[in-house]
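The values are calculated or read from the model by the stated rules, or taken from the named source; none is laboratory data. Please read all numbers here as calculations on a predicted model, not as lab measurements. Reconstructed Cβ throughout: ideal geometry from the backbone, glycine too, with neighbour counts over all protein chains shown.
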Amino acid sequence: MNSMSGSPLLFEGADWTYETLQRINDACEAIAHGELGLKTYPNQIEIITTEQMLDAYSSVGMPLFYGHWSFGKSFAHHEAGYRKGLRGLAYEIVINSNPCISYIMEENSATMQTLVIAHAAFGHNHFFKNNYLFKQWTQAESIVGYLDFAKSFIADCEERYGHVAVERVLDAAHALQSHGVHRYPRKRKPDLASEQRRERDRREHQEQMFNDLWRTVPEKEKNKPGNLSDDRRKALLELPQENILYFVEKTAPRLAPWQREIIRIVRLIAQYFYPQGQTKLMNEGCATYCHYQIMGKLYETGQITEGSYLEFLGSHTNVVMQPEYDDKRFGGINPYALGFAMMQDIERIVTKPEDEDREWFPDIAGRGDPAAVLADVWANYRDESFVSQFLSPALMRRWKLFHVQDGGDPKKDLKVAAIHDERGYRGLRRALSRHYDVAWQDPDIQVVDVDLAGDRRLMLQHNVLNGVLMSERETREVLQHLADLWGYDVHLKEVDAAAGKVVKEHSASARANFLQGG
């Protein structure tokens, strides 16, 4: 059955073939590029089974990944929940690569395949290619090849040194991977394409640098201070250093070359994911907005049936559902829901602004070109700056947002810190934007010194913000992993950033024979 416009249906019913998927992809591409102005990498669509999707879930969304026991544990957990009907599965997984790879489930209906192609192959794809953080930190052309290299390298290490020895290093590196990223741009981002080729040359160069550093350490019998000045020593060590895995990889005295390479692999993959952690709200908002626009156009032009569109709307509504704060299902703000709502709100401000919008958003209100405005937003903001610049009073009212402070003392009453007036809107927007700011959410921990001339103790400092200290148990466990990799004692001071006062200290000692697999 054809529509009034004469456009043929892309499919009828739930069944699909590879030819159907090609038609769907071409139709979505025409709308994405021609009407929404999206700029994407070439697409590569892979069909996978339920079990493969569960496996991809378990290996941090990467179907091509090295093996580790924690992934198997995660697989068993997800599979049990899925089989019991306690959870669903993602319709797709998309990789920031060139070409952009979208993994979609073979169990999806034709409508769902259309939805996920619109969402992932065009919405996420555009965001990956154009957002400044991904341009700054990732290499879409090289990530798949590097993952293949990493998988092979770790498998070879397991053959040569044993599973236990390799897993010990991976366990420790995984525990520290959130502190294994450079948070500020460096002169040169890592060239993933050359990692395998340069492995041997890099190892020889690092060993030479490593020897130059430790050669200057005074011999115990001489015990002469001053062979290496504090400034020179800290310059060689690049101190203070917030990237703890980088510091360990470069300078830990007892690591074997293959152990350094595994740490480097974990660190580079953590760096690859760094932009995704800062753009979850925007990325999902962009993809959800794009799929909503594309599916709407397909229905308007008669390329999908009314039944298919209703099936889509049911799935879309579930994705963007935001439970109220007093709902048992509430688990925080749904990034799909808020991201999509903000994208639609920006479209409203650009096309049909109220006087309030003109006052709050003079640069975009009434411009009449939502595609251009959204393209600029998607390219130049991250979640924190996006919320601080574009969360409107109208949306705050519609979502009934409010800000409550507890002061950290359970014995004191809660304080309503922002209401719906101009001052309250600005305070609420500022508070919510900090929820997405890594500087407020992640602890600021840096390597500040190492006692080269004495017991080689590694010294770290946590700059405490707003009096929030770290969990005693988690700090102890992570410090133990760090001490094992370093090979000597590790000491951490938590320092109140405002007063400059040490408020708590933690220590850990390396376990004997840890790096030898004993």
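Which of the numbered conditions does Ala150 fail, given that it passes all the others? Conditions: (1) under 20 Å from the mean Cα position of the chain (by Cα); (2) surrounded by fewer than 20 Cβ atoms within 10 Å (Cβ to Cβ).
Only one criterion is unmet by Ala150, namely (2).
To keep it simple, each residue is scored yes or no on (1) surrounded by fewer than 21 Cβ atoms within 10 Å (Cβ to Cβ); (2) of a type in the set (A, V, I, L, M, F, W, C); (3) modelled with pLDDT under 95.
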| residue | (1), (2), (3) |
| --- | --- |
| Ile294 | no, yes, no |
| Gly307 | yes, no, no |
| Phe340 | no, yes, no |
| Gln344 | yes, no, no |
| Arg348 | yes, no, no |
| Pro362 | yes, no, no |
| Gly368 | yes, no, yes |
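Give just the number: which of (1) of a type in the set (S, T, N, Q); (2) in contact (Cβ under 8 Å) with a residue 24 or more places away in the chain; (3) not in a loop (DSSP other than H, G, I, E, B) does Gln322 not satisfy?
(3)
Could you tell me whether the stretch 449-462 includes any residue that is at pLDDT 90 or above, farther than 26 Å from Leu176 by Cβ, touching a helix residue (DSSP H, G or I) at 6+ places or on another chain (Cβ under 7 Å) and not in a helix (DSSP H, G or I)?
no
Which residue, of Arg476, Arg423, is touching a residue at least 24 places away in the same chain (Cβ under 8 Å) and basic (Lys, Arg)?
Answer to the selection: Arg476.
Are any of the residues in the stretch 250-272 closer than 30 Å to Glu12 by Cβ and either at pLDDT 95 or above or assigned to a helix (DSSP H, G or I) (or both)?
Within the stretch 250-272, not a single residue is closer than 30 Å to Glu12 by Cβ and either at pLDDT 95 or above or assigned to a helix (DSSP H, G or I) (or both).
Does the stretch 268-291 contain at least one residue that is of a type in the set (Val, Ile, Thr), touching a residue at least 40 places away in the same chain (Cβ under 8 Å), farther than 24 Å from Arg426 by Cα and outside the structural domain of Asn96 (by TED's automatic domain parsing)?
Yes, there is a match, as at least one residue in the stretch 268-291 is of a type in the set (Val, Ile, Thr), touching a residue at least 40 places away in the same chain (Cβ under 8 Å), farther than 24 Å from Arg426 by Cα and outside the structural domain of Asn96 (by TED's automatic domain parsing).
Criterion first (modelled with pLDDT under 95 and either outside any loop (DSSP other than H, G, I, E, B) or aliphatic (A, V, I, L, M) (or both)) does Glu12 satisfy it?
Criteria not met by Glu12.
Taking the conditions exactly as written (among the hydrophobic types (A, V, I, L, M, F, W, C), modelled with pLDDT of 95 or more and under 26 Å from the mean Cα position of the chain (by Cα)), does Val387 satisfy them or not?
Answer is yes for this residue.
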